[in-house]
Amino acid sequence: MANPFPHSMDFAGHNEPMRIECDIYDLVVEGEIPAEIDGVWYRSIPDPQYAPLHGDDVFISGDGMVNAITFENGHADYKLRYIMTERLKNDRAARRSLHGKYRNPFTDDPSVQGKDRGVYNTTPIVHGGRLFALKEDNVAMELDPFTLETKGRFNFGGLLKSQTMTAHTRTDFDTGELFAFGYEAGGLATKDVAYFIADKDGNLIHEEWFEAPYVAMMHDFVVTKEHAVFPIMPTTTDLERLKQGVPHWAWDHSKSTYVGIMPRKGKVSDMLWFEGPPCFSYHMMNAFTEGSRVHMDLCVADMNMFPFIMGAGGYEYNPMNANGRLARWTFDLAAYDSSKKNTWQETVIGPGGDMPRVADKDHMKDYEIGYMAVFDPRIGPPILSGPTPAGFNALLRLNVKTGEIRAWSQPNTTLQEPVHIKSRQSGHEGYLAVVCDLHETNTAQVLLFSASEIEKGPIARLHIPMRQRCAVHGMWVPAEALRK
Ligand SMILES: [Fe+2]
């Protein structure tokens, strides 16, 4: 039978859907997994059960799967499950997709109008001992952290007023508090943004709303020990656009970038708004407050790097013109003058790339070491993997204070998002794990590095005997953070 999925970037070649749920007990290991690594690496993967209703769609619309790679005593087990969403159940009952374009309910089959079309495919998080799968267009979906069985939608027992919750929550690993926001919080294409906080046990302790300068894709935000920072960047939409039956977003180069900063436990009425040129960032590496100054380190480019979003705004996809870089934006709150346009200072601190990480102990604080994935054209032509035309092929360890870079790469492979795993040994920088796609054999490996010396190559390779559809984000959860 012919592949029913379209021969497009998002569904062909390495991006062809897998649609496989499985368990692999004891992955074959080359090298040695340090016995101190004890916990679960959860990853979210978009993997559509059915071909798109309207002929084509985008990678990030796929039904959510969650992958758990459990490390214990030098061994690792692998589990992959679909999230049994209302959407997937309805599609399976019909044996075809009833859902249309990316984040556009106006394009759905009439039989599912008004039903939950959420796929929860972006980030798994564990908070208060409970596992949730997140995507920014919906509230959370709770899963069993051990079996990955779907438990149901979660909105803090109905207490959360926001209709949405970011997939990029920020945990204060010293206090256990969870900081989050939802955009389009009051409904489709609204400017409402909800900012909310849960305590270490998972209780909602704060929710307050503000209005963004315009409706924007607010994919990530940062929190420091003192401040919450909300970037508003010109990837935008409106109801009229959605009624035309197109994907949710378009790039609008005519709009400014705004950054709102408020005390993290303050009121949204205390928000100070800064304004700068149009640019886009999916992910921030870290942020910290230093006196009256707030520093935010982000992977930023001069436009949105998703081809379908750039194209919808009338721009041609050209990554070479996008000026991707790791930048530090510094906001001086003491110099803020409400009678003027206030902006920020940018310092480039690293190359273009994405999927930035820091160790949990460094989150929200002044720090030295970050990790990220980059595309290095010197080791071969671009290879498709994931939602952008070129998968990452190199891993970087960057000292943001000295500029020192240590890197590792391997030809004919792509690398998914790395995760940092803490060590229990004092003075040890911990480990990095990354899923490496082996395109020559259509298989994959989990690579495990000693984080301080990634340039020496992996200390262990865990063999996965099948292709892996590209995950979006993951979270490392130490065993002690899971209630047993
Ligand atoms: Fe993200």
Report summary line: The equivalent-ellipsoid semi-axes of segment 39-106, taken as the square roots of five times the Cα gyration tensor eigenvalues and listed largest first in whole Å, are 30, 12, 9
**Report entry** ILE349 long-range amide H proximity, modeled H, under 5 Å
**Finding:** LEU326, ALA327, ARG328
Report summary line: Counting only protein heavy atoms with a 1.4 Å probe and every protein chain in place, the carbon and sulfur fraction of the accessible surface of segment 71-130 in whole percent equals 45
Query raised in the report: Using the Cα atoms of segment 52-150 to build a convex hull, what is its mean projected area in square nanometres?
Result: 7.3
Query raised in the report: For segment 380-474, how big is the tail of P(r) above 24 Å, as a whole percent of Cα pairs?
Result: 22
Query raised in the report: So what is the 222 nm mean residue ellipticity for the chain from helices alone, if each DSSP H run of at least 4 adds -39500 (n - 2.57) and you divide by all residues, rounding to the nearest 500 deg cm²/dmol?
Result: -1000 deg cm²/dmol
Report summary line: If R0 = 41 Å, then ARG293 and GLU32, at their Cβ-Cβ distance, give a FRET efficiency to the nearest 0.05 of 0.40
Report summary line: Here the net charge surrounding HIS439, from other residues whose Cβ is less than 13 Å away from its Cβ (Lys, Arg +1; Asp, Glu -1), is -2
Report summary line: Sorted largest first, the C-alpha extents of segment 146-259 along its principal axes in whole angstrom are 42, 35, 24
Query raised in the report: Based on the alpha-carbon gyration tensor of segment 1-83, what equivalent-ellipsoid semi-axes (square roots of 5 times the eigenvalues) come out, in whole Å, largest first?
Result: 32, 12, 10
Query raised in the report: Could you give the nm distance between label points at ASP302 and TYR336, where each point is 7 Å from its Cα heading toward the beta carbon?
Result: 3.0
**Report entry** Solvent-accessible area, 1.4 Å probe, carbon plus sulfur percent, for segment 342-483
**Finding:** 52
Report summary line: Checked segment 305-425 with the C-alpha gyration tensor, a ≥ b ≥ c its square-rooted eigenvalues, rounded below a/c of 1.5, otherwise prolate if a/b is larger than b/c and oblate if not; verdict oblate
Query - Interchain or long-range residues, amide H under 5 Å from THR414's placed H - result: ASP437, HIS439
Requested in this report: Between beta-carbons, use under 13 Å as the cut-off and find the net charge around MET233, counting Lys and Arg +1, Asp and Glu -1.
Outcome: -3
Report task. Report, please, the projected area of segment 226-269 averaged over directions, based on the convex hull of its C-alpha atoms, in nm². Result -> 4.3
Query raised in the report: Across segment 220-320, how large is the tail of the calculated P(r) beyond 21 Å, expressed as a percent of all Cα pairs?
Result: 42
Query - Three semi-axes of the equivalent ellipsoid, the chain, Cα gyration tensor, whole Å, largest first - result: 30, 28, 23
Report task. Find how much the distance from ARG461 to GLU368 grows on full extension, using 0.36 nm per residue of separation minus their present alpha carbon separation; answer in nm with one decimal. Result -> 30.7 nm
Query raised in the report: Averaged per residue, what accessible area in Å² does the chain show with a 1.4 Å probe, protein chains only?
Result: 39
Report summary line: Summed over the other residues with a beta carbon less than 12 angstrom from that of ARG103, with K and R at +1 and D and E at -1, the charge totals -1
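The values are calculated or read from the model by the stated rules, or taken from the named source; none is laboratory data. Because the structure is predicted, anything quoted here is derived from the model rather than measured. Glycine gets a Cβ as well: all are built from the backbone with ideal geometry, and neighbour counts include every protein chain shown. For the accessible areas, the whole protein counts, side chains as well, though only heavy atoms, and no ligand, DNA or RNA atoms are used. Shrake-Rupley method; radii C 1.70, N 1.55, O 1.52, S 1.80 Å.
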